[in-house]
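Below is one structure, written out as structure tokens, with a few remarks after it.
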Amino acid sequence: ESTANFVISPDRWFRTALAAVLGLLLGIALALILERLDSRLRNREDIAEALDMPIVGIVPKMDAGQKRSKEIVAVTEPLSPYADGYRSVRAALLHGQAEAQAASPRAEQSLVVLITSPHIAEGKSTSSANLAASFAETGKKVLVIDADLRSPDVHEKLDVPQGMGVSDLLEEGRGSLATVVRPTNIPNVEVITAGTKLSNPTALASRMRPLLTAARKRADVVIIDSAPMLEAAEVFDILPHVDDVVLVVRHGRLTAAAAQRTKEMLSRFNIPVVGAVIIAAHVRKGDPGYGGGYGYGYGEGKKSKNPSKRGKTKASSGRALVEQPEGVTPQRSA
């Protein structure tokens, strides 16, 4: 009984090697094509250049536990790099306000800031809540207004039930601001929810001026959480009545085309844009503009060494805030 040997001919070896090489080259070519077609901006320099505005804050990507808890990190983790990202935005806004008042001593003493983003789900409502907490820790009285009448969720971030709010006040055309203002668990922070009459957001947004005039008299800082500017027209009815704009951009989502459209739209209004804040940024210790966990017990591989104390901070819902000194502020762009 004999066994036949299986032999691969030289031609077959050559064809196999050639197919492998061609497959590798094809894969490389496809990867290069996809990279060329993918116009998403992936670093702060590209984002700043495309938007033609400075980056005034970088908020690191949260871990899964932080996302599930839906906490306001500026309150529950006041010494973290996340909170410092919003403090950087606060510092830029206060610097701009001081410049405006120096140039015009009769300028408004209160500050009205509009928070927007190019698209949905970029983190503007989370940023509005955290920025409010950041201002409040300095002793300023803050009023948050949910002007995103298409998809309101600031009330969820601030743990306040939805009810009568902006839309009810604007549609009825009567009533006082005090009837719709609600307290929050964060000291010095109040909120006006979007309300219950949300069927015609564009028409309602055009009536915002009296509400904002009254809001200036009630708070030191008014933060308006607006709709995404590339997806809703009503944000442009609010822009003429604010002092400054903060653009929220989620890391890895903004495209060059969207950045160009955003820049063009903002340039039509004579409203200062303090800059952009990058949310969920992939940052490492030593990266420019990132604290790297200095003295915090946070950062890569570091957590609080006292879990019980950390838990107590979270349970307090922001009743014990830690004041931080103002840092060096970035330059503004008009």
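Is there a residue being of a type in the set (D, E, K, R), open to solvent by 20 Å² or more (accessible area, probe 1.4 Å) and at pLDDT 75 or above anywhere in segment 22-39? No - not one qualifying residue is present in segment 22-39. For segment 215-230, indicate whether the set of residues that are more than 30 Å from PRO78 (Cβ to Cβ), open to solvent by 40 Å² or more (accessible area, probe 1.4 Å), touching a helix residue (DSSP H, G or I) at 6+ places or on another chain (Cβ under 8 Å) and in contact (Cβ under 8 Å) with a residue 60 or more places away in the chain is non-empty. No, segment 215-230 contains no residue that is more than 30 Å from PRO78 (Cβ to Cβ), open to solvent by 40 Å² or more (accessible area, probe 1.4 Å), touching a helix residue (DSSP H, G or I) at 6+ places or on another chain (Cβ under 8 Å) and in contact (Cβ under 8 Å) with a residue 60 or more places away in the chain. Residues in segment 201-212 that are farther than 12 Å from VAL166 by Cβ and touching a residue at least 24 places away in the same chain (Cβ under 8 Å): THR202, SER206, ARG209. Within segment 138-154, the residues that satisfy the criterion of being of a type outside the set (Gly, Ala, Ser) and surrounded by fewer than 23 Cβ atoms within 10 Å (Cβ to Cβ) are THR138, LYS140, LYS141, ARG150, PRO152, ASP153.
Taking ARG209 as the residue in question, decide whether it is over 18 Å from VAL273 (Cβ atoms), of a type in the set (Lys, Arg) and exposed (fewer than 14 other Cβ atoms within 10 Å of the Cβ). Spell out how you get there, then give the answer.
On the way: over 18 Å from VAL273 (Cβ atoms): yes; of a type in the set (Lys, Arg): yes; exposed (fewer than 14 other Cβ atoms within 10 Å of the Cβ): yes.
Yes, satisfied.
Please verify whether SER128 is polar (S, T, N, Q), touching a strand residue (DSSP E or B) at 6+ places or on another chain (Cβ under 6 Å) and either without any contact (Cβ under 8 Å) to a residue 24 or more places away in the chain or buried (at least 24 other Cβ atoms within 10 Å of the Cβ) (or both), treating the condition exactly as stated. It is true that SER128 is polar (S, T, N, Q), touching a strand residue (DSSP E or B) at 6+ places or on another chain (Cβ under 6 Å) and either without any contact (Cβ under 8 Å) to a residue 24 or more places away in the chain or buried (at least 24 other Cβ atoms within 10 Å of the Cβ) (or both). Looking only at segment 163-187, which residues are open to solvent by less than 70 Å² (accessible area, probe 1.4 Å), farther than 19 Å from GLU71 by Cβ and not small (Gly, Ala, Ser)? Those that are open to solvent by less than 70 Å² (accessible area, probe 1.4 Å), farther than 19 Å from GLU71 by Cβ and not small (Gly, Ala, Ser): VAL166, ASP168, LEU169, LEU170, LEU177, VAL180, VAL181, ARG182.
Which of the residues belonging to segment 188-202 are open to solvent by less than 60 Å² (accessible area, probe 1.4 Å) and either of a type in the set (Lys, Arg) or touching a Gly at 6+ places or on another chain (Cβ under 6 Å) (or both)? Quick ask: steps written out before the conclusion?
Of segment 188-202, the ones open to solvent by less than 60 Å² (accessible area, probe 1.4 Å) are 189-195, 198, 201-202.
Residues satisfying the conditions are ILE192, THR193, ALA194, GLY195.
Which residues, counting only those in segment 111-124, are open to solvent by less than 10 Å² (accessible area, probe 1.4 Å) and either in a helix (DSSP H, G or I) or under 20 Å from ALA214 (Cβ atoms) (or both)?
So in segment 111-124, the residues open to solvent by less than 10 Å² (accessible area, probe 1.4 Å) come out as 111-118, 122.
Result: LEU111, VAL112, VAL113, LEU114, ILE115.
Residues in segment 79-109 that are open to solvent by 10 Å² or more (accessible area, probe 1.4 Å) and outside any helix (DSSP H, G or I): LEU79, SER104, PRO105, ARG106, ALA107, GLU108, GLN109. The residue that is modelled with the lowest pLDDT, among those in segment 188-217 that are part of a helix (DSSP H, G or I) and hydroxyl-bearing (Ser, Thr, Tyr), is THR202. Candidates are the residues of segment 255-265 that are touching a helix residue (DSSP H, G or I) at 6+ places or on another chain (Cβ under 6 Å) and not charged (D, E, K, R); the one that is surrounded by the fewest Cβ atoms within 10 Å (Cβ to Cβ) is ALA256. Of the residues examined, LYS70 is one that is under 30 Å from VAL273 (Cα atoms) and at pLDDT below 75.
For segment 108-123, name all the residues that are of a type outside the set (Val, Ile, Thr) and more than 18 Å from VAL75 (Cβ to Cβ).
Initial filter on segment 108-123 (of a type outside the set (Val, Ile, Thr)): 108-111, 114, 117-119, 121-123.
Of everything in segment 108-123, those that are of a type outside the set (Val, Ile, Thr) and more than 18 Å from VAL75 (Cβ to Cβ) turn out to be GLU108, GLN109, SER110, LEU111, LEU114, SER117, PRO118, HIS119, ALA121, GLU122.
The values are calculated or read from the model by the stated rules, or taken from the named source; none is laboratory data. Everything quoted here is computed from the prediction, not taken from an experiment. Every residue, glycine among them, receives a Cβ derived from its backbone with ideal geometry; neighbour counts consider all protein chains shown. The area values use the complete protein model at the heavy-atom level, side chains included, leaving out ligands, DNA and RNA. Shrake-Rupley method; radii C 1.70, N 1.55, O 1.52, S 1.80 Å.
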